[in-house]
Amino acid sequence: MFEKDKFNKYLHTKWLGKEVIYEKEMDSTNTQAKKLGEEGAEEGLLLVTDIQTAGKGRRGRSWISPEGNCYVSILLRPEIDASKVSVITLIAALSVAKAVRGTAGLETWIKWPNDVITGGKKLCGILTEGSVSAEALKYMVVGIGINANQKEFEEGIESMATSIYLETEETVNRSRLIAELLNAFEEYYEIFLKTQDLTLLQDEYNSMLINRGKEVKIIEQDSESIFTAVGIDQDGGLIVKNEAGKTSTIIAGEVSVRGLYGYV
Ligand code: BTN
C-alpha cells in the first residue's frame, strides 16, 4: 500500500516524483509508463503499484510480482544519445543500493551491471526501456523492482534472491523506501547529465562493486572464460584482466557474469 503522505514527507527532490500514479494492481509499471511516455507525459513521472500481473524482467523473462514489494517506473526524457541508455541502468542500481542502505541499514553491493546484492543474494531487478525515433531518444523508462517485504521465495530462486524483510526481520516502509530511492536517483542522474557518462560516479560505483578484484566467469553464447574484475569504465563497461594481466572491457547486455562459486 502506497502512502502518499509518508512518501511526500521523505521526498526531497526538485522534479522527480512530483507527479505520481499509484494503482493497487497494474500489468507492469514499465508497460504503463511507456504508454504515458508515448502520450507525452512529463519527465519525472513515477508509477507505483503493489502487484504486477505481467511484470517484465530482462531478456524477455517475466518478473513475478507478489504483494509486499516495490514496483516502480520512472519516466525520463534525457537529451542524450540513445547508446547511453544502458548507463542509466547502472545509476538506478547505485540509487537502490543507497536507498536500501539508508532506509533499512543493510550493507548493499552491486553485481555488474545492475543487480543490487545483500547477504550474497539479489535484492532488486532493473529493466530500462527506451523509445528512439530518427536516432534521437524520445523517452526512457527505468523500471525497478525491490524485494521489500517478501517472506519467502519459490524453490530454485531462494538460493539467489532475498528481501529486506528476510535480511532484517523487519517490515520496511515502502513509501519511504521509494522516496529515498528517488532522492538518490535524482542526485546521481543530474551528476550523470553533466558529462553524459559515469566519469563522476565511477569511483562510487566501483566501491560497491561486489565483483571487484575477484574472479568472474564471463558467459557468452557458446563459451565461458575466467577473468579478474577490475572495475567499470566511464561508459559502464566492466574492465577485466586475464591471467597474463591483459585488460579488456565487457559491454553490458552481451554476456552474463557469475562468480566462480555461485551467483555473486
Ligand atoms: C530483471 O530481470 O532483473 C529486471 C526486473 C525488473 C522488474 C521491474 S518491477 C517494476 C518494473 N516493471 C516491470 O514490468 N519490470 C520492472
In segment 169-192, which residues are loosely packed, with under 14 Cβ neighbours inside 10 Å and more than 19 Å from Ser73 (Cα to Cα)?
Glu169, Glu170, Thr171
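When you scan segment 51-134 for strands (runs of 3 or more DSSP E) that lie fully inside it, which ones turn up with 2 or more residues that are within 28 Å of Arg212 (Cα to Cα) and among the hydrophobic types (A, V, I, L, M, F, W, C)?
On the way: elements: 70-76, 109-111, 115-118, 121-133.
In segment 51-134, 109-111, 115-118, 121-133 are the strands (runs of 3 or more DSSP E) which contain 2 or more residues that are within 28 Å of Arg212 (Cα to Cα) and among the hydrophobic types (A, V, I, L, M, F, W, C).
Being of a type in the set (A, V, I, L, M) and surrounded by fewer than 18 Cβ atoms within 10 Å (Cβ to Cβ) is the filter; apply it to segment 211-229 and report the residue that is nearest to Val20 (Cα to Cα).
First, pick out the residues of segment 211-229 that are of a type in the set (A, V, I, L, M): 216, 218-219, 226, 229.
Narrowing further to those that are surrounded by fewer than 18 Cβ atoms within 10 Å (Cβ to Cβ): 219, 226.
Working: Ile219: 39, Ile226: 44 Å.
The selected residue is Ile219.
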Pull up segment 26-42, narrow it to residues that are without any contact (Cβ under 8 Å) to a residue 60 or more places away in the chain and among the acidic types (Asp, Glu), then point me to the one that is nearest to the ligand (Cβ to nearest atom).
Asp27
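Kindly indicate whether Val48 is in a strand (DSSP E or B), crowded, with 19+ Cβ neighbours inside 10 Å, of a type outside the set (Gly, Ala, Ser) and touching a residue at least 24 places away in the same chain (Cβ under 8 Å).
Numbers: in a strand (DSSP E or B): yes; crowded, with 19+ Cβ neighbours inside 10 Å: yes; of a type outside the set (Gly, Ala, Ser): yes; touching a residue at least 24 places away in the same chain (Cβ under 8 Å): yes.
Answer is yes for this residue.
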Please verify whether segment 9-25 includes one or more residues that are of a type outside the set (Phe, Trp, Tyr), crowded, with 22+ Cβ neighbours inside 10 Å, within 9 Å of the ligand (Cβ to nearest atom) and within 26 Å of Gly236 (Cβ to Cβ).
no
Taking Asn69 and the conditions (1) away from the ligand (no atom under 13 Å from the Cβ); (2) in contact (Cβ under 8 Å) with a residue 60 or more places away in the chain; (3) within 17 Å of the chain's Cα centre (by Cα), which numbered condition does it fall short on, given that it satisfies the others?
(1)
Please verify whether segment 31-38 includes one or more residues that are crowded, with 19+ Cβ neighbours inside 10 Å, at pLDDT 95 or above and closer than 21 Å to Asn183 by Cα.
yes
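The values are calculated or read from the model by the stated rules, or taken from the named source; none is laboratory data. Everything quoted here is computed from the prediction, not taken from an experiment. Here the Cβ is made from the backbone with ideal geometry for all residues, glycine too, and neighbour counts use every protein chain on show.
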